[in-house]
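Colleague: Got a structure for you, written out below as structure tokens; questions coming shortly.
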Amino acid sequence: MCGIVGAVANRNITQILVEGLKRLEYRGYDSAGVGLINRDSDKLELCKSIGKVADLDEKLCESGLKGNIGIAHTRWATHGKPTEENAHPHRSNDIVVVHNGIIENYQLLRDELKKHGYEFITQTDSETIAHLIHFEFQKTDSLLQALKAAAKQLKGAYALACFTENNPDLLCIARKDSPLVIGIGIEENYVASDPMALRQVTDRFVHLEDGEFAEITTADFSIFDSESNPVEREIELAKDNVESIDKGTYRHYMIKEIFEQPKALKNTLLGRTGDGCILEESFGAEAPAIFDQVKQVQIVACGTSYHAGTVAKYWLEDWAGVPCSVEVASEFRYRNPVVQDNTLFVTISQSGQTADTLAALEEAKEKNYLATLSICNVAASPLVRQSDLALITQAGAEIGVASTKAFTTQLIALQLLVIALGRRGKMTAEKEKELVSNLMDLPVFCAAVLQLNNTILEVSNHFTEKHHSLFLGRGVQYPIALEGALKIKEISYIHAEAYPSGELKHGPLALVDSDMPVIAVAPSGDLLEKLKSNLEEVAARGGKLYVFADENAGFRNDDQVIVINVPHCPESIAPIIYTIPLQLLAYHVAVNKGTDVDQPRNLAKSVTVE
């Protein structure tokens with residue numbers, strides 16, 4: 001959701017900016033633009049485009065626009081429709097600005113600036129920032145001081161990058177509740193909202209913290225806190241694999257990432273277990289002492305990560321005997337929960353930049369939680385840096401908006417946490433060894449399930465003309481049904497709902513007819529026979545059933561039931577295994593319907609605004 005790329009160099013940086021934007025396309029956007037100054041002419045020029053970065057690139061090539069200093073942006077509309085006028089960068093005379101985030105008091109500032117003669121040509125909150133910086137720049141010869149003065153007047157979240165025609169060798173940036181990073185080059189430096197945007201030019205980064213500002217030139221960079229005190233910070237070396245953002249031979253990132261799951265699951269387990277036990281120091285050096293005190297757990301997350309947390313609730317209470325509450329971050333941050341003693345506060349996020357989850361973490365720090373722990377796929381993310389403990393999933397870069405390998409690796413991480421807490425409660429050493437053994441076998445089971453791809457491709461053809469669907473699961477498989485419904489609605493735009501199958505008689509059964517596909521998740525377990533009875537109710541009403549069933553469960557195909565036999569697996573890893581065929585189903589249905597699989601409409605990969 002919105003991306004920033006900037007650079008200052010002694011060479012033409014146009015393609016650096018464009019490539020950076022392309023690497024941020026997965027975040028979701030509806031327009032893009034660049035602002036550049038060529039030192040040969042000292043002329044500030046903007047180029048903007050609606051739609052894909054490729055359209056912007058084509059306009060730039062046609063114009064021959066070049067520059068030594070510049071900023072670029074992909075916009076996801078919040079204030080004002082997607083138009084070239086509303087696209088970033090925004091200009092105020094000799095000042096040009098890009099902005100991620102939302103300014104809550106922009107209308108008040110806009111009204112005040114109009115009194116000083118400023119004219120507004122967009123509906124965005126971001127144009128206000130450009131005019132405000134220009135207004136403050138008239139009072140000082142320092143762009144950084146003007147930026148600081150403007151930032152003091154802003155209420156909301158922002159990552160800002162700006163430069164002025166008067167000094168074509170200086171970028172200034174600021175951050176509050178929205179990520180920003182400096183990339184370090186050789187006689188050139190960069191800025192971005194995500195390090196991935198700059199991996200084609202550098203692997204050295206410095207992360208800005210909340211309330212900080214920075215000046216960036218070709219030769220150096222300087223960081224200052226909110227009181228203008230210099231800040232010293234070590235340069236971090238990126239360890240991610242640049243090749244992971246390439247689709248390779250796959251048609252879409254999503255299917256590539258689905259098939260990367262055996263490797264991702266294996267990588268997430270590496271170094272976290274030994275001799276049939278988990279190594280709880282994987283969560284941090286202080287983890288054992290903190291875990292000794294935990295009496296209950298509060299999990300907060302959004303979307304797919306929320307579903308992962310809901311699965312963990314079943315595990316925590318069943319295996320570990322630890323009470324657990326799971327809440328959507330956007331709800332949690334606006335209420336006043338009662339915090340019981342010795343409660344561990346757990347956040348889950350693929351990117352570690354999710355605005356609502358970060359805000360919930362900030363709220364938690366003001367309350368009486370024992371400690372905070374994040375489960376995240378990005379080690380250098382704000383969520384990880386602001387938590388007491390962290391376990392980094394090793395999913396690798398996930399580009400597709402619909403999360404796949406991030407979800408299954410989150411489930412592994414949560415199961416490791418459950419075991420760590422459970423060994424202090426009712427979990428026996430034998431149970432721990434059994435769970436760890438099953439986790440170690442997980443990549444093999446995952447690879448076996450992926451062999452169902454062609455079968456699921458055939459089944460997906462039944463959904464092409466459908467507009468509604470119902471997902472069912474019992475017990476710990478209910479959150480998996482929720483996740484399956486979310487996937488199919490995200491990328492195929494088929495309306496999908498999920499229910500515990502025992503709830504059918506309490507309302508959802510009214511929806512069932514021959515045109516409503518019902519998808520059931522049916523692994524072996526204590527609730528299998530109960531589920532079979534529930535599915536009989538669907539068949540009796542003429543519903544068409546698609547059952548992802550354990551191959552030993554005894555389901556048979558007939559006119560109303562299509563069975564997709566899933567290889568038998570241990571019950572403890574069944575939620576992870578049964579997620580994968582639902583991902584494949586959603587993917588193939590979306591391809592059949594011709595939707596944009598990797599970048600579905602109205603959605604963004606990293607939701608960095610509220």
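Colleague: Are any residues in segment 538-580 modelled with pLDDT of 70 or more and charged (D, E, K, R), and if so, which ones?
Modeller: 544, 550, 551, 556, 558, 559, 571
Colleague: Here is a list of conditions, (1) closer than 25 Å to residue 551 by Cβ; (2) more than 26 Å from the chain's Cα centre (by Cα); (3) not in a helix (DSSP H, G or I), and residue 471 meets all of them except one; can you say which number that is?
Modeller: Among (1) closer than 25 Å to residue 551 by Cβ; (2) more than 26 Å from the chain's Cα centre (by Cα); (3) not in a helix (DSSP H, G or I), the lone unmet condition for residue 471 is (2).
Colleague: Going by what's in this entry, would residue 21 be described as touching a residue at least 24 places away in the same chain (Cβ under 8 Å), buried (at least 24 other Cβ atoms within 10 Å of the Cβ) and in a strand (DSSP E or B)?
Modeller: The answer is no for residue 21.
Colleague: Let me ask something else about it. Pull up segment 382-419, narrow it to residues that are surrounded by fewer than 23 Cβ atoms within 10 Å (Cβ to Cβ) and among the charged types (D, E, K, R), then point me to the one that is farthest from residue 432 (Cα to Cα).
Modeller: 385
Colleague: The conditions are (1) in a loop (DSSP other than H, G, I, E, B); (2) touching a residue at least 12 places away in the same chain (Cβ under 8 Å), and residue 290 fails exactly one of them. Which is it?
Modeller: (1)
Colleague: How many residues, within segment 346-367, are under 25 Å from residue 322 (Cα atoms), of a type in the set (Val, Ile, Thr) and touching a residue at least 60 places away in the same chain (Cβ under 8 Å)?
Modeller: Residues meeting the conditions: 2.
Colleague: When the residues of segment 29-47 are filtered to those that are hydroxyl-bearing (Ser, Thr, Tyr) and assigned to a loop (DSSP other than H, G, I, E, B), which remaining residue is nearest to residue 7 (Cα to Cα)?
Modeller: Only one residue tops the list, namely 41.
Colleague: Can you name the number of the only condition in (1) in contact with a Ser or Thr (Cβ under 6 Å, 6 or more places away or on another chain); (2) at pLDDT 95 or above that residue 349 fails?
Modeller: Looking at each condition in turn, residue 349 falls short on (2).
Colleague: How many of the residues in segment 207-238 are touching a residue at least 60 places away in the same chain (Cβ under 8 Å) and part of a strand (DSSP E or B)?
Modeller: Matching residues across segment 207-238 total 6.
Colleague: For segment 147-157, name all the residues that are on the phi < 0 side of the Ramachandran plot and either touching a residue at least 40 places away in the same chain (Cβ under 8 Å) or surrounded by fewer than 16 Cβ atoms within 10 Å (Cβ to Cβ) (or both).
Modeller: Within segment 147-157, 147, 148, 151, 152, 153, 154, 155, 157 meet the criteria.
Colleague: Which ones in segment 319-345 are surrounded by 15 or more Cβ atoms within 10 Å (Cβ to Cβ) and charged (D, E, K, R)?
Modeller: If the condition is that a residue be surrounded by 15 or more Cβ atoms within 10 Å (Cβ to Cβ) and charged (D, E, K, R), then 327, 333 are the ones that fit.
Colleague: A follow-up question, please. Going through segment 106-143 one residue at a time, which ones are under 22 Å from residue 166 (Cβ atoms), among the hydroxyl-bearing types (Ser, Thr, Tyr) and outside any loop (DSSP other than H, G, I, E, B)?
Modeller: 126, 128
Colleague: With the requirement that a residue be in a loop (DSSP other than H, G, I, E, B) and touching a residue at least 12 places away in the same chain (Cβ under 8 Å), what does segment 48-67 give you?
Modeller: 51, 52, 65, 66, 67
Colleague: Hey, among 490, 483, which residue is at pLDDT below 95, assigned by TED's automatic domain parsing to the domain that holds residue 557 and over 25 Å from residue 280 (Cα atoms)?
Modeller: 490
Colleague: Which helices (runs of 4 or more DSSP H) sit wholly inside segment 361-451 and have at least 2 residues that are under 30 Å from residue 205 (Cβ atoms) and in contact with a helix residue (DSSP H, G or I) (Cβ under 8 Å, 6 or more places away or on another chain)?
Modeller: The helices (runs of 4 or more DSSP H) meeting that bar are 382-385, 405-422.
Colleague: When you go through 370, 361, 279 one by one, which is the residue that is modelled with pLDDT of 95 or more and more than 24 Å from residue 404 (Cβ to Cβ)?
Modeller: None of the others qualify; the one that does is 370.
Colleague: Would you check if there is a residue in segment 454-461 being more than 27 Å from residue 592 (Cα to Cα), at pLDDT 90 or above and in a helix (DSSP H, G or I)?
Modeller: No: zero hits.
Colleague: Could you please let me know if residue 363 is surrounded by fewer than 24 Cβ atoms within 10 Å (Cβ to Cβ), charged (D, E, K, R), under 22 Å from the mean Cα position of the chain (by Cα) and within 20 Å of residue 381 (Cα to Cα)?
Modeller: Taking the combined requirement at face value, the residue satisfies it.
Colleague: Within segment 166-182, how many residues turn out to be over 23 Å from residue 226 (Cβ atoms) and crowded, with 18+ Cβ neighbours inside 10 Å?
Modeller: 1
Colleague: Of everything in segment 73-105, what is outside any loop (DSSP other than H, G, I, E, B) and surrounded by fewer than 21 Cβ atoms within 10 Å (Cβ to Cβ)? Give them in sequence order.
Modeller: Correct list: 91 only.
Colleague: Additional query: Looking only at segment 291-309, which residues are in contact with a Leu (Cβ under 7 Å, 6 or more places away or on another chain), at pLDDT 95 or above and surrounded by fewer than 24 Cβ atoms within 10 Å (Cβ to Cβ)?
Modeller: 291, 293, 294
Colleague: Follow-up question, since we're still on this one. Tell me which residues, restricted to segment 337-346, are touching a Lys or Arg at 6+ places or on another chain (Cβ under 9 Å) and either at pLDDT below 90 or farther than 14 Å from residue 290 by Cα (or both).
Modeller: 337, 339, 340
Colleague: Would you call residue 354 β-branched (Val, Ile, Thr), crowded, with 20+ Cβ neighbours inside 10 Å, touching a Leu at 6+ places or on another chain (Cβ under 6 Å) and not assigned by TED's automatic domain parsing to the domain that holds residue 208?
Modeller: Taking the combined requirement at face value, the residue does not satisfy it.
Colleague: Considering 264, 308, which residue is of a type in the set (A, V, I, L, M, F, W, C), touching a strand residue (DSSP E or B) at 6+ places or on another chain (Cβ under 8 Å) and within 28 Å of residue 597 (Cβ to Cβ)?
Modeller: Step by step, each of 264, 308 is checked, and only 308 is of a type in the set (A, V, I, L, M, F, W, C), touching a strand residue (DSSP E or B) at 6+ places or on another chain (Cβ under 8 Å) and within 28 Å of residue 597 (Cβ to Cβ).
Colleague: Report yes if some residue within segment 194-217 is in contact with a helix residue (DSSP H, G or I) (Cβ under 8 Å, 6 or more places away or on another chain), of a type in the set (Phe, Trp, Tyr), modelled with pLDDT of 90 or more and over 22 Å from residue 17 (Cα atoms); otherwise report no.
Modeller: Among the residues of segment 194-217, not one is in contact with a helix residue (DSSP H, G or I) (Cβ under 8 Å, 6 or more places away or on another chain), of a type in the set (Phe, Trp, Tyr), modelled with pLDDT of 90 or more and over 22 Å from residue 17 (Cα atoms), which makes the answer no.
Colleague: Looking at (1) in a helix (DSSP H, G or I); (2) touching a Phe, Trp or Tyr at 6+ places or on another chain (Cβ under 9 Å), find the lone condition where residue 70 falls short.
Modeller: For residue 70, the failing item is (1).
Colleague: A follow-up question, please. Which ones in segment 23-43 are within 16 Å of residue 87 (Cβ to Cβ) and at pLDDT 85 or above?
Modeller: Once the filter is applied, which keeps residues that are within 16 Å of residue 87 (Cβ to Cβ) and at pLDDT 85 or above, segment 23-43 yields 31, 32, 33, 34, 35, 36.
Colleague: Residues in segment 438-457: is at least one touching a Lys or Arg at 6+ places or on another chain (Cβ under 6 Å), buried (at least 17 other Cβ atoms within 10 Å of the Cβ) and in contact (Cβ under 8 Å) with a residue 60 or more places away in the chain?
Modeller: yes
Colleague: Considering only residues that are of a type in the set (A, V, I, L, M), over 24 Å from residue 355 (Cα atoms) and assigned to a strand (DSSP E or B), which ones fall in segment 170-206?
Modeller: Across segment 170-206, the qualifying residues are 170, 171, 184.
The values are calculated or read from the model by the stated rules, or taken from the named source; none is laboratory data. Since this is a predicted model, take the numbers as computed values, not measurements. When we count neighbours, we look across all protein chains shown, and the Cβ atoms used for this are built from the backbone with ideal geometry, even at glycine.
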